[in-house]
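S.K.: Next up is a structure, given as structure tokens.
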Amino acid sequence: MREAPIGVFDSGVGGLSVLAEIQRLLPNESLLYLGDCGHIPYGEKTPEFIRQRCSVMAAFFREQGAKALVLACNTATVAGVADLRRDYPDWPIVGMEPAVKPAAAATRSGVVGVLATTGTLQSAKFAALLDRFAADVRVITQPCPGLVERIENGDLHSADLRTLLQGYVTPLLAQGCDTIILGCTHYPFLRPLLRSMIGDDISLIDTGAAVARQLQRLLAERDLLADGPSLPVKFWTSADPQSLRKILPLLGQTASNVQNFDL
């Protein structure tokens, strides 16, 4: 089982930011990635629909022999991780959550901004994070409709994207935020553009590296860390595989192994 792969899924390509962190920390691990691009964005779907998709994809990864599962999607984690842990109690399962705790510790001004999908910001899980870790700071939330779709189309730098993103970031800066949480796995791909807009004084925080560390801990506890060498990543998408092949190189991945997922 040590050399068995790890399954990673997201509503689209955003989870590739988490995949990259896993590759950095655990280079001996073989990885499987499924982007449910045919049903994006999850932020506009019902919790029931998302739970159903999580169940389908988890079952698929079990069939592929995955030794662990990573929900590289905040919205999917909110809706589905509890059910998956109930259904697969013997399986290491790692989910996502916005980085409220480290952001609250990092802020100097006492004001933290959150860029996220509407679904994440409206969730009870996010509210609980604020209650638990942000009692002593002011948190300004900013839903970001349209960002996920642009990233899915490979737009990381355009003038229209900059204008859209500026409209989301400016209100946070105007209210004194010195720390911004990237509360969607797609958003780390916008770091270079964000940096060009806000400078170096504002901290940008996401949870990809923390997810990789948690995965490492769970695998180590079960003596499941691979000795390597790792195999090339296998990719699946519920949309057109050619679309994923085109965007993978823009997001730091090799596009040689992309298959259709039609469940």
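The values are calculated or read from the model by the stated rules, or taken from the named source; none is laboratory data. These numbers come from a predicted model, not from an experiment. Every residue, glycine as well, gets a Cβ built from its backbone with ideal geometry; the counts of neighbours run over all protein chains shown.
S.K.: So which residues in the stretch 194-244 are hydroxyl-bearing (S, T, Y) and closer than 22 Å to L71 by Cβ?
M.R.: Within the stretch 194-244, T207, S230, T237, S238 qualify.
S.K.: Considering every residue within the stretch 180-190, establish whether at least one is in contact with a Lys or Arg (Cβ under 6 Å, 6 or more places away or on another chain), at pLDDT 95 or above, more than 14 Å from T107 (Cα to Cα) and in a helix (DSSP H, G or I). Working first, answer last.
M.R.: Going through the stretch 180-190, the residues in contact with a Lys or Arg (Cβ under 6 Å, 6 or more places away or on another chain) turn out to be none.
No, the stretch 180-190 contains no residue that is in contact with a Lys or Arg (Cβ under 6 Å, 6 or more places away or on another chain), at pLDDT 95 or above, more than 14 Å from T107 (Cα to Cα) and in a helix (DSSP H, G or I).
S.K.: Since T254 meets every condition but one in (1) in a strand (DSSP E or B); (2) at pLDDT below 95; (3) not acidic (D, E), which condition does it not meet?
M.R.: For T254, the exception is condition (1).
S.K.: Could you tell me whether the stretch 104-127 includes any residue that is at positive phi and in contact with a Gly (Cβ under 9 Å, 6 or more places away or on another chain)? Walk me through how you get there before you give the answer.
M.R.: Within the stretch 104-127, the subset at positive phi is 110.
Still in the list and also in contact with a Gly (Cβ under 9 Å, 6 or more places away or on another chain): 110.
Among the residues of the stretch 104-127, at least one is at positive phi and in contact with a Gly (Cβ under 9 Å, 6 or more places away or on another chain), which makes the answer yes.
S.K.: OK, next. Any idea which of (1) outside any loop (DSSP other than H, G, I, E, B); (2) under 30 Å from Q166 (Cβ atoms); (3) of a type in the set (D, E) is the one D131 doesn't satisfy?
M.R.: (2)
S.K.: While we're looking at this one, here's another question. Quick one: in the stretch 209-251, of everything that is among the hydrophobic types (A, V, I, L, M, F, W, C) and assigned to a loop (DSSP other than H, G, I, E, B), which residue is surrounded by the fewest Cβ atoms within 10 Å (Cβ to Cβ)?
M.R.: Here the answer is L231.
S.K.: Restricted to the stretch 78-101, and to residues that are more than 22 Å from L16 (Cα to Cα) and of a type outside the set (A, V, I, L, M, F, W, C), which residue is surrounded by the fewest Cβ atoms within 10 Å (Cβ to Cβ)?
M.R.: Start the filter on the stretch 78-101 by keeping residues that are more than 22 Å from L16 (Cα to Cα), which leaves 82-83, 85-90, 101.
Still in the running and of a type outside the set (A, V, I, L, M, F, W, C): 83, 85-90, 101.
Numbers: D83: 14, R85: 14, R86: 8, D87: 14, Y88: 15, P89: 8, D90: 5, K101: 16.
Restricting to residues being more than 22 Å from L16 (Cα to Cα) and of a type outside the set (A, V, I, L, M, F, W, C), the top hit is D90.
S.K.: Shifting gears a bit: Is it the case that some residue within the stretch 193-200 is modelled with pLDDT of 95 or more, assigned to a helix (DSSP H, G or I) and surrounded by 16 or more Cβ atoms within 10 Å (Cβ to Cβ)?
M.R.: yes
S.K.: Quick check on my filter: what residues within the stretch 157-193 are out of contact with any strand residue (DSSP E or B) (no Cβ under 7 Å at 6 or more places or on another chain) and aromatic (F, W, Y)?
M.R.: Across the stretch 157-193, the qualifying residue is only F189.
S.K.: Among helices (runs of 4 or more DSSP H) lying entirely in the stretch 15-121, which contain 2 or more residues that are among the aromatic types (F, W, Y)?
M.R.: Result: 47-63.
S.K.: Within the stretch 174-185, can one find any residue that is surrounded by fewer than 21 Cβ atoms within 10 Å (Cβ to Cβ) and closer than 29 Å to G38 by Cα?
M.R.: No, that holds for no residue.
S.K.: Then there's this: What about M96, is it aliphatic (A, V, I, L, M), touching a Leu at 6+ places or on another chain (Cβ under 8 Å), within 15 Å of T117 (Cβ to Cβ) and modelled with pLDDT under 95?
M.R.: The answer is yes for M96.
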